[in-house]
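See below for the structure under consideration.
Any read-out appearing in this document is the output of simple, stated calculations on the displayed coordinates, not a laboratory observation. Quick caveat, the model's predicted, so the values are computed rather than measured. Here the Cβ positions follow ideal geometry from the backbone for every residue, glycine too, while neighbour counts run over all protein chains shown.
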Amino acid sequence: MATRRHENMNVCDRILVGKSPLILRVKELILQIANSDLNVVLCGESGVGKELVAQALHLSSHRKDKPFIKINCAAIPTQLLESELFGYERGAFTGADKTKPGKFELAQDGTILLDEIGDMPLLLQSKMLHVLQDLQFSRLGAKGDVKVNCWVLAATNHDLEQDVRDRLFREDLYYRLNIISIFIPALRERPEDIDLFIDHFAGLFVQKIETPPFGFSTEVRDFLRQYSWPGNVRELKNTVERLMLLGDWPTVKEELMARETRRIDGHELTTHPVPPTPNELNIETPPKKKFPCLKDVKKKAVFEAEGKLISEVLRETGWNRKRASEILQISYKALLYKIKGLNLRRED
Ligand SMILES: Nc1ncnc2c1ncn2[C@@H]1O[C@H](COP(=O)(O)OP(=O)(O)OP(=O)(O)O)[C@@H](O)[C@H]1O
Ligand SMILES: [Mg+2]
């Protein structure tokens, strides 16, 4: 038992850089739950390392020699997501010319990571709930069921509790998934790890590409330690690689400072959860309710009206968002937020 714990600690240390109390707490949690098979939700801002923590959980568990399968619920359209998750039989739909197993089957005996679970459409959320309850599902177009035996991890940068309150995420699925949650703190909350990250990413980069060494001087390190890292570890990794390759510290510093200023002024959106699209609100009324509640109807109507007006103004201004925000009399930041939430795109 003690040996297994020691081995797992080594796995965690090998995978996850960091010695700050906050990251040590995450590593400790991984050790505690690695063999529990209980569903886990990993949350935290974009780029904090949720996927890496999921890998550390898998590799610390008794499933480590079995597959680790990841699916990004945000990147795949609804119809496709269902067939990706559960697979399909030959002839299940036009174009299904051969039977294909879904990610759940591929993850059999291993671990599945449902990435960006907060973006899973409501319709699929109810199917997912059944799968987690019954531990079985059927491929699209199949008669029989497939038994599921895999560890279910989910990751999100949404505030899922808020999504539940806003009826964008099913409460029953939330409780089913969120038996244990691991919150991975933003990089700015653990600046004492930044030097370790710099050395780690610089070391990895040297192995990949032969570059003359870049001296991370005290001045550079001090600056990087104090910067707020809205893109978290991913942004730090990219910055280190860029410095290693191009070595242009004054330009990099200037860009980071400009980014910081834009953020303070509130003109940059980096970590906000994406609000729902009207389409998502449309999909299904909340469980066990004959009628949608008035709040939802109101919200949907507002979304539709806002979407229409904002699209018109954007078209009119040739997608000049600064100008559009002035016409609409909302802040530039609020407009960007709405464009993202309403999923508006420029049509050239
Ligand atoms: N503790 C860590 N040790 C080493 N590398 C890390 C650590 N945390 C994050 N990284 C690296 O930072 C990058 C982003 O990590 P990851 O993809 O796991 O973040 P994420 O939280 O899943 O982001 P997103 O929400 O955007 O999907 C990856 O290259 C990952 O390897
Ligand atoms: Mg991720």
Q | Principal axis dimensions, the range 2-185 - Cα atoms, whole angstrom, descending | A | 53, 38, 26
Q. What whole number of Å gives the distance from the Cα centroid of the range 198-222 to the Cα centroid of the range 39-92?
A. 32 Å
**Q.** Residue order, fewest to most surrounding Cβ atoms within 10 angstrom, among 257, 244, 9, 128
**A.** 257, 9, 244, 128
Q | Local net charge near residue 155, Cβ-Cβ under 13 Å (Lys/Arg +1, Asp/Glu -1) | A | -3
Q: May I ask you to derive the relative contact order of the chain, considering only C-alpha pairs under 8 Å and at least 6 residues apart, and to give it as an integer percent?
A: 18 percent
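Going by how many other Cβ atoms sit within 10 Å of their own, how do 293, 43 line up, fewest first?
Details: 293 12, 43 21.
The most exposed by this proxy come first: 293, 43.
Counting pairs of alpha carbon atoms under 8 Å apart in space and at least six apart in sequence, what relative contact order in percent does the range 1-113 give? Present the calculation step by step, with values, prior to reporting the outcome.
Values: 113 pairs, mean separation 27.5, N = 113.
Relative contact order, the range 1-113: 24 percent.
Could you work out the helix-only [θ] at 222 nm for the chain, with each DSSP H run of four or more residues adding -39,500 (n - 2.57) and the total divided by the number of residues, to the nearest 500 deg cm²/dmol? Walk me through the numbers on the way to the answer.
Values: 16 runs with 178 residues, N = 348.
Using -39500 (n - 2.57) per qualifying helix, the result is -15500 deg cm²/dmol.
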Q. Where the only charges are on Cβ atoms (+1 Lys, Arg; -1 Asp, Glu), what is the dipole of the chain about its Cα centre, to the nearest 20 debye?
A. 760 debye
Q) Taking the range 190-265, how much of its Cα-Cα pair set, in percent, is spaced more than 15 angstrom apart? A) 52 percent
Q: Report, in order of residue number, the helices in the chain meeting two criteria: a C-alpha extent of 27 Å or more along the helix axis, and a mean Kyte-Doolittle hydropathy of at least -0.5; treat each whole DSSP H run as one helix.
A: 294-316
Q: Could you calculate, for the chain, the ratio of the Cα radius of gyration to the Kirkwood radius, expressed as Rg to Rh?
A: 1.00
Q: Mind checking which of 215, 247, 160 is farthest towards the positive end of the chain's charge dipole, using Cβ charges of +1 (Lys, Arg) and -1 (Asp, Glu) about the Cα centre?
A: 160
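Contact order normalised by length for the range 102-211, with contacts defined as Cα pairs under 8 Å and 6 or more residues apart; what percent is it? Walk me through the intermediate numbers first.
On the way: 90 pairs, mean separation 31.7, N = 110.
Once normalised by length, the contact order is 29 percent.
Rank the residues 97, 193 as a footprinting-exposure proxy: fewest other Cβ atoms within 10 Å of their Cβ go first.
Numbers: 97 8, 193 22.
Lowest count first: 97, 193.
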**Q.** Too-long pairs where the Cα-Cα distance tops 32 Å, listed order kept, from 50/208; 208/253; 98/208; 50/143; 237/340; 50/340
**A.** 98/208; 50/143
(Q) Tell me the net charge near residue 51. Cut-off is 12 Å between Cβ atoms, residue 51 excluded, with +1 for each Lys or Arg and -1 for each Asp or Glu. (A) +1
